[in-house]
């Protein structure tokens with residue numbers, strides 16, 4: 001499962017500023033990896049040779065780390081296609097619980113639905129003891145600091161002793177799904193959970209970097225990969241008077257979609273939604289429509305993962321021109 005990239009020294013400095021943002025969404029993260037694999041295939045380059053910065057929330061952060069995990073030549077150890085294989089292996093281990101835990105946690109109402117064991121084991125297995133600041137490209141990821149600071153951004157360019165797997169564990173502790181994670185950073189103890197509730201696309205934490213890039217003559221490109229859009233909505237017949245037990249299972253996808261809608265709207269106001277060849281600045285969101293039956297964040301069955309990939313393949317086929325223009329613009333930039 002090695003990368004398709006040649007084993008040469010790290011990526012060349014790019015003459016442009018390009019962000020790849022990977023949305024959170026549990027097992028639906030395989031959708032963003034499939035889309036990233038298509039971009040790598042069409043450009044003939046690794047994602048780290050195309051994009052100068054990565055951002056992602058929750059599983060999107062985990063996927064960013066996988067794509068930026070260096071081998072001994074400071075090249076990506078995993079291509080996006082290889083990362084898909086790791087993903088398919090890891091998800092059943094991560095979203096795994098006993099019948100007793102299901103009962104005692106009241107299916108996540110009393111405490112987290114899943115233990116942290118599988119998540120930590122898989123993070124350590126695939127990301128090892130590599131420091132976060134050794135990622136090939138800069139990675140930004142939102143998290144919620146349960147201390148006084150509240151919002152927090154993991155930035156791989158900041159000096160610290162955080163390991164990649166520790167950052168992945170802290171940034172993917174989705175509320176009600178996994179326990180929070182306590183981590184010491186530069187002598188201070190912090191307790192983190194998933195930042196997807198306020199920035200599920202990872203685009204929000206990229207704003208400051210985008211504004212910096214806007215002061216340079218560089219072209220600016222932003223590509224956001226979504227984990228799948230569904231048409232399911234909360235019924236207005238009862239939602240207005242529903243209590244927490246009725247709201248809780250339904251509201252999280254609404255929060256995620258609202259965050260994504262706002263972020264994408266903001267970026268479209270700043271950058272043209274047009275990746276035609278020769279474009280100097282552009283933004284694009286690639287995201288398939290998926291059936292509600294495939295939308296669960298924690299259905300890690302091989303059958304569901306395969307359906308998600310098939311839905312993404314259909315999206316790629318139906319949006320061939322858009323993806324072709326995007327890849328050509330990035331390849332020629």
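The values are calculated or read from the model by the stated rules, or taken from the named source; none is laboratory data. Every value quoted in this text rests on a predicted model; they were computed, and no experiment measured them. Neighbour counts run over all protein chains shown; Cβ positions are idealised from the backbone, glycine included.
Out of the range 193-209, which residues are farther than 18 Å from residue 181 by Cβ and out of contact with any strand residue (DSSP E or B) (no Cβ under 7 Å at 6 or more places or on another chain)?
Scanning the range 193-209 gives 200, 207, 208.
With respect to residue 1, determine if the residue is surrounded by fewer than 17 Cβ atoms within 10 Å (Cβ to Cβ) and either at pLDDT 95 or above or farther than 18 Å from residue 297 by Cβ (or both).
yes
Mind listing just one residue for me: the one in the range 215-228 that is more than 28 Å from residue 28 (Cα to Cα) and in contact (Cβ under 8 Å) with a residue 12 or more places away in the chain and, of those, farthest from the chain's Cα centre (by Cα)?
216
Going through the range 48-62 one residue at a time, which ones are within 19 Å of residue 87 (Cα to Cα) and assigned to a strand (DSSP E or B)?
54, 55, 56, listed by residue number.
Condition first: surrounded by 12 or more Cβ atoms within 10 Å (Cβ to Cβ) and more than 21 Å from the chain's Cα centre (by Cα). Now tell me which residues in the range 184-214 satisfy that.
Matches in the range 184-214: 184, 185, 190, 213, 214.
What residue, of 239, 293, 259, is out of contact with any helix residue (DSSP H, G or I) (no Cβ under 7 Å at 6 or more places or on another chain) and either surrounded by 13 or more Cβ atoms within 10 Å (Cβ to Cβ) or at pLDDT below 75 (or both)?
Answer to the selection: 239.
Please go through the range 282-301 and give me each residue that is part of a helix (DSSP H, G or I) and over 11 Å from residue 30 (Cβ atoms), ordered by number.
Within the range 282-301, 292, 293 meet the criteria.
Is at least one residue of the range 156-164 exposed (fewer than 13 other Cβ atoms within 10 Å of the Cβ), at pLDDT below 90 and under 20 Å from residue 68 (Cβ atoms)?
Yes, because at least one residue in the range 156-164 is exposed (fewer than 13 other Cβ atoms within 10 Å of the Cβ), at pLDDT below 90 and under 20 Å from residue 68 (Cβ atoms).
If I filter the range 15-40 down to residues being surrounded by fewer than 24 Cβ atoms within 10 Å (Cβ to Cβ) and not in a helix (DSSP H, G or I), which single residue comes out as nearest to the chain's Cα centre (by Cα)?
18
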